[in-house]
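Below: the structure, in C-alpha cells.
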Amino acid sequence: MPAEKLPARKLRVLNQDKQSQLADRADIADTSKTRRTGLLKHSGLNQGEGLWIVPCESVHTFAMNFPIDVIFISRKRKVVKLRPNMVKSRIAFSFRAHSVLELPVGMIEKTGTKPGDQLELVRYEG
C-alpha cells in the first residue's frame, strides 16, 4: 500500500512595519535534507513563492541558475540583513541571523523591507 502523502507545509510572510506581504506560499526548510537542498532543484521563483531556511545564518547560490533576494532574520523575527539580487556563485551570511528567507528578485524593493522591520511568519498546510 503506498504511503499517504502529507500536505505540504507552507508559510505566509508579512512585514508588519510596512504592512506588506513578502510571500504567501513559501516552502519551509527545517530539516538537514531540506536545508541542504534549498532552491537547487528549482528553475526560478514566482511572485508569492519563497523558501524559509531555519536554522540558518549563511546561504550560497553556487549551482543556481537564477538570482534571489535574501533576508536574514533574527530569532525574534526582525530583519537583521538584506542581500537583494544575489546572483549565481555568491555567499552571504549574518552571524546575528537565526533564519533566512529566500524570495524572488525585487521583493525587498517592492515591499520596502529594511533592517529592523518586524516580520510575521504564519505556517499553514498547503
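The values are calculated or read from the model by the stated rules, or taken from the named source; none is laboratory data. Keep in mind that what you see is a predicted model, and the values were worked out from it rather than measured. Here the Cβ is made from the backbone with ideal geometry for all residues, glycine too, and neighbour counts use every protein chain on show.
Scanning the range 94-103 for residues that are touching a residue at least 40 places away in the same chain (Cβ under 8 Å) and surrounded by fewer than 20 Cβ atoms within 10 Å (Cβ to Cβ) returns a single hit, His98. The residue that is nearest to Gly106 (Cα to Cα), among those in the range 49-74 that are among the polar types (S, T, N, Q) and in contact (Cβ under 8 Å) with a residue 24 or more places away in the chain, is Thr61. Of everything in the range 75-110 that is among the hydroxyl-bearing types (Ser, Thr, Tyr) and not in a strand (DSSP E or B), the residue that is modelled with the lowest pLDDT is Ser89. Consider the range 56-87 and keep the residues that are polar (S, T, N, Q) and farther than 14 Å from Leu101 by Cβ. The one that is surrounded by the most Cβ atoms within 10 Å (Cβ to Cβ) is Thr61. A count restricted to the range 16-48 and to residues that are free of Cβ contacts under 8 Å to residues at least 24 places away in the same chain and either over 24 Å from Phe93 (Cβ atoms) or assigned to a strand (DSSP E or B) (or both) stands at 2.
Of note, Ile91 satisfies the criterion of being at negative phi and surrounded by fewer than 16 Cβ atoms within 10 Å (Cβ to Cβ). When the range 39-48 is limited to residues that are exposed (fewer than 10 other Cβ atoms within 10 Å of the Cβ) and polar (S, T, N, Q), the one that is modelled with the highest pLDDT turns out to be Asn46. Taken over the range 3-38, the residue count meeting the criterion of being closer than 23 Å to Ile108 by Cβ, modelled with pLDDT of 90 or more and not polar (S, T, N, Q) is 17. Restricting attention to the range 111-126 and to residues that are crowded, with 18+ Cβ neighbours inside 10 Å and assigned to a loop (DSSP other than H, G, I, E, B), the residue that is farthest from the chain's Cα centre (by Cα) turns out to be Asp117.
So for the range 70-82 (the condition being β-branched (Val, Ile, Thr), within 17 Å of Arg35 (Cα to Cα) and in contact with a helix residue (DSSP H, G or I) (Cβ under 9 Å, 6 or more places away or on another chain)), does at least one residue qualify? Checked the range 70-82: at least one residue is β-branched (Val, Ile, Thr), within 17 Å of Arg35 (Cα to Cα) and in contact with a helix residue (DSSP H, G or I) (Cβ under 9 Å, 6 or more places away or on another chain).
Could we say that Ile28 is of a type outside the set (S, T, N, Q) and touching a helix residue (DSSP H, G or I) at 6+ places or on another chain (Cβ under 9 Å) here? So that I can check it myself, show each step before the final result.
Details: of a type outside the set (S, T, N, Q): yes; touching a helix residue (DSSP H, G or I) at 6+ places or on another chain (Cβ under 9 Å): yes.
Spelling it out, Ile28 is indeed of a type outside the set (S, T, N, Q) and touching a helix residue (DSSP H, G or I) at 6+ places or on another chain (Cβ under 9 Å).
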